[in-house]
Amino acid sequence: MSQLRLEELSAATIMHVNALSLKPGQEQFITPVSYAAAAAVTPAHTAWQRVVLDNDRVVGFIHGNFDPDAPQEEFRAALWRINVDADAQGMGVGTFAVNALIEEARSRGVDRLTVLWERGEDGPEEFFLFMGFKPVGETPYGEVIGAIDL
């Protein structure tokens, strides 16, 4: 990877985000059930969506959510989604994106960031643990609730 940078999600980049490829087996881990259910009632103004570019090539996407009034703690300051193109995985793109979200959370005075994931082979658990998230609970759907204290 040469120079990674973030850009807000836009009409110009969304088609590239939708075209990000996955490694075999990863498709089952894209959106935990709990996020899909919460998204139906989450206001759009709480979303923090960024595209990760390597030079001018879209190599990743991260969606954070900041809603201090969310009834469930795990949705108040959360990493909702991270996608890294299959060809760019293992090259620091995900780490770059999550660190940017952590910095955004700190700038908003947030002291804890959460993420949900499903366990399983080819799943994201190893990455989230590497980033410092620790399991702190489980959703009714069996997903892991991870948190990192900032």
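Residues in segment 105-139 that are in contact (Cβ under 8 Å) with a residue 40 or more places away in the chain and outside any strand (DSSP E or B): Ala105, Arg106, Arg108, Val110, Glu118, Gly120, Glu121, Asp122, Gly123, Pro124, Thr139. With respect to the conditions (1) closer than 18 Å to Val144 by Cβ; (2) in a strand (DSSP E or B); (3) charged (D, E, K, R), Arg50 lacks only one, and its number is (1). Checking Leu113 against (1) closer than 18 Å to Ile145 by Cβ; (2) more than 16 Å from the chain's Cα centre (by Cα), only one condition comes out false. Which one? Looking at each condition in turn, Leu113 falls short on (2).
Tell me, please, whether a residue that is more than 20 Å from Val115 (Cβ to Cβ) and modelled with pLDDT of 85 or more can be found in segment 18-32. Spell out the reasoning first.
Restricting attention to segment 18-32, the residues satisfying the condition of being more than 20 Å from Val115 (Cβ to Cβ) are 18-19, 21, 24.
Still in the running and modelled with pLDDT of 85 or more: none.
Within segment 18-32, none of the residues are more than 20 Å from Val115 (Cβ to Cβ) and modelled with pLDDT of 85 or more.
Scan segment 123-143 for residues that are surrounded by 14 or more Cβ atoms within 10 Å (Cβ to Cβ), charged (D, E, K, R) and under 23 Å from Asp111 (Cβ atoms) and the total you get is 1. For Val52, the test of being modelled with pLDDT of 75 or more and in contact with a Phe, Trp or Tyr (Cβ under 8 Å, 6 or more places away or on another chain) is passed.
Which one is surrounded by the most Cβ atoms within 10 Å (Cβ to Cβ) among residues in segment 62-109 that are hydrophobic (A, V, I, L, M, F, W, C) and in contact with a His (Cβ under 8 Å, 6 or more places away or on another chain)? Even if it seems obvious, please write down each step before you answer.
We begin by selecting, within segment 62-109, every residue hydrophobic (A, V, I, L, M, F, W, C); these are 62, 66, 70, 75, 77-80, 82, 84, 86, 88, 91, 93, 96-98, 100-102, 105.
Filter once more, so that each one left must be in contact with a His (Cβ under 8 Å, 6 or more places away or on another chain): 79-80, 82.
Numbers: Leu79: 26, Trp80: 22, Ile82: 21.
My answer is Leu79.
Return a yes/no flag: does segment 82-105 have any residue that is among the acidic types (Asp, Glu), modelled with pLDDT under 95 and in contact with an Asp or Glu (Cβ under 6 Å, 6 or more places away or on another chain). No, every residue in segment 82-105 fails to be among the acidic types (Asp, Glu), modelled with pLDDT under 95 and in contact with an Asp or Glu (Cβ under 6 Å, 6 or more places away or on another chain).
The values are calculated or read from the model by the stated rules, or taken from the named source; none is laboratory data. Just so you know, these numbers come straight off a predicted model, no measurement behind them. Backbone-built Cβ (ideal geometry, glycine too); neighbour counts: all protein chains shown.
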